[in-house]
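See structure below.
The values are calculated or read from the model by the stated rules, or taken from the named source; none is laboratory data. All of these numbers come straight from a predicted model, not from anything done at the bench. No Cβ is skipped: glycine too gets one built from the backbone with ideal geometry, and neighbour counts run over all protein chains shown.
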Amino acid sequence: MKIYSQGEPLAPWREKLHEIIFEADTPAGKRFDVLLIVAITLSVIAVMLDSVEVIRFQYGGILDVIEWFFTIMFACEYILRLLSVRNPRLYALSVLGIVDLMSILPSFIALYYVGAETFLVVRVLRVLRIFRVFKLAEYLGEANTLMIALKASQKKITIFLYSIFIFVVVFGSVMYLIEGAENGFTSIPKSVYWAIVTLTTVGYGDMVPQTQIGQMIAATVMILGYAIIAVPTGIYSAELARAVKSEVSNVACQNCSEEGHDVDAEYCKYCGAIL
């Protein structure tokens, strides 16, 4: 079934492009999401390995080629996303649109400012699109026994752990950029290790930020760690289940690319376009 936005419908090739890129409940859309997730993960691993001095010395040229390959790939994907919606400006100014742009700009900025490539780890945030493939709702009606409840919790736990992974990678990368090797933050993996130790409130003390900005970030990570620990599992599970119970459609608006509409909605609740 075709979906029309305000004004003339999208051209057939743009409508097909929209279906592949934004619709996760189609075979082509699922394949596209899986390919994107793999590409994002590999690109982030390449950036992290490039921060290790020994690896950079031996394989720096190969890692540069890999990074530019992914940068060009993501740049093409960003352009295709703009082409597949009726109002590209709405997508470009959305949260995901800004994250998409931020994931390709550092490579070009790094040509003029050394160190900017570190912010490429923001690509991890784009993997949040995998959440729409999980389809948590299919497990809600199976919470009658303990085993079924445990199976239903697997996806939720995965999402929670991946959120923590995002936090430690981003904070670790920022600390690597701010503190540097002179203060013990010699690589992104080691800085991520510091973020994990700080977030879990373990605090070994083997790595301590020396700059004022670094100390402010450390304080933020500590407070965030206490906030995560303080959240009761029962309340978290109940709130998550309550959110999933709201039946929503997987259809993405062709005008602004936003999702999460009611199944009986005729208009986009974000831009007002006809669904």
Original post:
Do you know which residues across the stretch 81-96 are buried (at least 20 other Cβ atoms within 10 Å of the Cβ) and closer than 17 Å to Phe32 by Cβ?
Top reply: Arg81, Ser84, Val85, Tyr91
**OP:** Please work out if Ile72 is of a type in the set (A, V, I, L, M, F, W, C), surrounded by fewer than 17 Cβ atoms within 10 Å (Cβ to Cβ) and modelled with pLDDT of 80 or more.
**Re:** yes
Original post:
In the stretch 41-63, how many residues are among the aromatic types (Phe, Trp, Tyr) and either buried (at least 19 other Cβ atoms within 10 Å of the Cβ) or within 18 Å of Lys190 (Cβ to Cβ) (or both)?
Top reply: 1
Original post:
Would it be correct to say that Gly172 is small (Gly, Ala, Ser) and at pLDDT 90 or above?
Top reply: yes
Subject >> Residue list for the stretch 39-69, restricted to those being among the small types (Gly, Ala, Ser), closer than 20 Å to Leu177 by Cβ and modelled with pLDDT of 85 or more >> reply: Gly60
Subject >> Considering residues of the stretch 11-28 that are out of contact with any Phe, Trp or Tyr (no Cβ under 7 Å at 6 or more places or on another chain) and crowded, with 17+ Cβ neighbours inside 10 Å only, the residue farthest from Leu83 (Cα to Cα) >> reply: Ala24
Original post:
Taking into account only those residues within the stretch 212-226 that are touching a Ser or Thr at 6+ places or on another chain (Cβ under 7 Å) and over 12 Å from Gly172 (Cα atoms), which is modelled with the highest pLDDT?
Top reply: Met222
